[in-house]
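See structure below.
The values are calculated or read from the model by the stated rules, or taken from the named source; none is laboratory data. Predicted model only: the values in this text are computed from it and were never measured. Because the Cβ atoms are built from the backbone with ideal geometry, glycine has one as well, and the counts that use them run over all protein chains shown.
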There are 2 protein chains.
Amino acid sequence: MKLITKKFIIIALLLLSSSLSHAQTKPMVIQEQGSFAVGGSVKTNPGTFDPITRTPEGQTFHGDHAYVFYQIPVNARKLPLVLWHGIGQFSKTWETTPDGREGYQNIFLRRGFAVYVLDQPRRGRASRSMDSVKIVPTPDEQMWFGTFRLGVWPDYFPGVQFAKDPETLNQYFRQMAPNIGGFDPGVISDATSKLFDKIGQGILVTHSHSGGFGWLTAIKNSNVKAIVSYEPGSGFIFPEGEVPTPVASSSGPVAAVGRPMEEFMKLTRIPIIIYYGDNIPAKPDPNPGTDGWRARLEMARLWRDAVNRHGGDVTVVHLPEVGLKGNTHFPFSDLNNVEVADLMSKWLKEKKLDKL
Amino acid sequence: MKLITKKFIIIALLLLSSSLSHAQTKPMVIQEQGSFAVGGSVKTNPGTFDPITRTPEGQTFHGDHAYVFYQIPVNARKLPLVLWHGIGQFSKTWETTPDGREGYQNIFLRRGFAVYVLDQPRRGRASRSMDSVKIVPTPDEQMWFGTFRLGVWPDYFPGVQFAKDPETLNQYFRQMAPNIGGFDPGVISDATSKLFDKIGQGILVTHSHSGGFGWLTAIKNSNVKAIVSYEPGSGFIFPEGEVPTPVASSSGPVAAVGRPMEEFMKLTRIPIIIYYGDNIPAKPDPNPGTDGWRARLEMARLWRDAVNRHGGDVTVVHLPEVGLKGNTHFPFSDLNNVEVADLMSKWLKEKKLDKL
């Protein structure tokens, strides 16, 4: 593109931007968007395919890939964000919030980041799985209501950052999706690592279950230049021989994982920030929905100390301690998600991860 | 928004547009984008939920909704497009093509349409299903290679509009997703009808299997103002008493569906266009991959004649007859998909469906 054309674009964008400053929402100016599958494996039946009889011989099955939808704004910052959902969820986690506001996908596009939303292997748009599975519709949503810390069913926590109209809860429950087969951390982190091979350096944003898969991905791929992790749930990686004893909770013990020191040390070479929300008890509590998070927050702090002891840069932020109250397990889609995003933006700036 | 602000926006957009006219691709200027679930049902266990023991009593399960991702460009045309995938597919059908070019999602956004891409109930991002299912990874892709008319495995048809590098075929096979439960035309068309309740009047674009579900949706909801159907596969709806005998083919008979006259008549009140691609035999053929399409094209013509005899406006276009050669079962993502889109745009203009 000629320089003069580039200058015109910038003028036009500035004009567009300023003229819209009083509109409810400014348009997003997207240079490129699209989707692709990444990673995965192939299974091939022995024999030769016959196109007339179409029997199984010689046929293939591609599965266990991740699926990615990406958007690159005009004049994007250097490092893209890869947004990775948690357990029982898919990329919807980062899209429109259950009450209809903008989620991290739009918020960070508007802040100039290229945004990649991921469906991990065996979930959502990446549901062609190498594993066999029986799926039965099993009512379980009141359990999730508690585990995701909206409240203690049927009551919401006082001051919880979640809209209380029925349609919001309807949308919230419908943003779940079954796992098409077992969790295989190798398969899952391989696909995400291949994504970073394809797109180059970037920032990984994980949630809950993908927290643990995210540490694995960063060990596998040095293109992961930073991690922002919302309420990582399990899979904290310590050096073998330094693994702490599991932390007991009324939802069961939270255990850590041991890996060779050279793998662990890779996690000391990138900045990492971890956020936890509100309504996590300070002491052991009989409510398993909240108490599991007390144990995970404690494990996260032990992990922070271990990584930093070995020269790393891990920060754990318990949101109520910095003045953000009422957050659930999904701070990035809670009613105050713009403030939650502001915290993340501030950290990215401090770590010089938001350069143009 | 004040009028003067609106004028500035238009000036800025024109400047942006003209300054980018020599760039490879112009940015897309999106006023609004997001996602939601629509339709579906809820199952509730009897009893009262206990948040401590978390047993099944009193728990709920939300499922069988459709999932929709939408983008509305600045200054959008009046009628949005709803893009609905076919069998074994999900919304990816309309996104980036297997060889990495833009699909209908981007092409029609660039042409000023609001675009809604749908995952029908029990597929992709709408995989929380009310039905139980066992899913087993079963190699079947050479069958689809034939049925989707890329060629006769392992050979491509001469001149086929499909890139022949291995990565394209890899992406193509990975854009499939299993059905999480049985096909229930009522569940599927109910959810899509609810989408039209929510968004108002629009144009439905169907493919293959969703062709039949699309006719049902148009009967249920008068907000469907037109249908563009690529290679509808089954479910052509005739008035009871006028249902033709099934058309035999080497992949099995293609049967039509009978419904009360008053339902059928709703299909005579909107413009409908149907496109079929190339490499469909003119006479019965032992290759079931291609011969099924001969039977479906024949049924589509019988249906066109029936609807038009009752005062309707159905056009069937066999693409080779209008000069577009080599198209597969996915004309909208084939190598010549911009020309295929041009045909659709021309028809929308003729029918005054593209007004601002």
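Here are the numbers:
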| quantity | calculated |
| --- | --- |
| Yes/no for A:E242 being in a helix (DSSP H, G or I) and charged (D, E, K, R) | no |
| Filter result (crowded, with 18+ Cβ neighbours inside 10 Å and more than 21 Å from B:P331 (Cβ to Cβ)) within the stretch B:248-257 | B:A256 |
| Spans of helices (runs of 4 or more DSSP H) in the stretch A:122-219 with at least 1 residues out of contact with any helix residue (DSSP H, G or I) (no Cβ under 9 Å at 6 or more places or on another chain) and more than 8 Å from chain B (Cβ to nearest Cβ) | A:166-173, A:185-199 |
| Of all residues making up the stretch A:81-110, the number that are touching a helix residue (DSSP H, G or I) at 6+ places or on another chain (Cβ under 6 Å) and either free of Cβ contacts under 8 Å to residues at least 12 places away in the same chain or not aliphatic (A, V, I, L, M) (or both) | 11 |
| Residue in the stretch B:112-121 that is touching a Ser or Thr at 6+ places or on another chain (Cβ under 8 Å), part of a loop (DSSP other than H, G, I, E, B) and closer than 30 Å to A:D140 by Cβ present | yes |
| Qualifying residue in the stretch A:102-111 (condition: surrounded by fewer than 24 Cβ atoms within 10 Å (Cβ to Cβ), at the interface with chain B (Cβ under 8 Å from one of its Cβ atoms) and part of a strand (DSSP E or B)) | no |
| Residue selected from the stretch A:258-277 under the condition out of contact with any Ser or Thr (no Cβ under 8 Å at 6 or more places or on another chain) and buried (at least 21 other Cβ atoms within 10 Å of the Cβ), by the criterion farthest from A:D342 (Cα to Cα) | A:F264 |
| Number of the exception - B:Q71 against (1) outside any strand (DSSP E or B); (2) of a type in the set (S, T, N, Q); (3) crowded, with 23+ Cβ neighbours inside 10 Å | (1) |
| First in the stretch A:320-344 and on the phi > 0 side of the Ramachandran plot, second anywhere and aromatic (F, W, Y) and at pLDDT 95 or above, Cβ under 9 Å, 6 or more apart | A:G326/A:F157; A:G326/A:F162 |
| Of all residues in the stretch B:40-93 being more than 19 Å from the chain's Cα centre (by Cα) and among the hydrophobic types (A, V, I, L, M, F, W, C), the one that is farthest from the other protein chains (Cβ to nearest Cβ) | B:A76 |
| Conditions (1) surrounded by 18 or more Cβ atoms within 10 Å (Cβ to Cβ); (2) under 23 Å from A:G277 (Cβ atoms): number failed by A:K220 | (2) |
| The lone exception for A:R174 - which of (1) buried (at least 23 other Cβ atoms within 10 Å of the Cβ); (2) in contact (Cβ under 8 Å) with a residue 40 or more places away in the chain it fails | (2) |
| Single residue of A:L343, A:L356 found to be assigned to a helix (DSSP H, G or I), among the aliphatic types (A, V, I, L, M) and modelled with pLDDT of 95 or more | A:L343 |
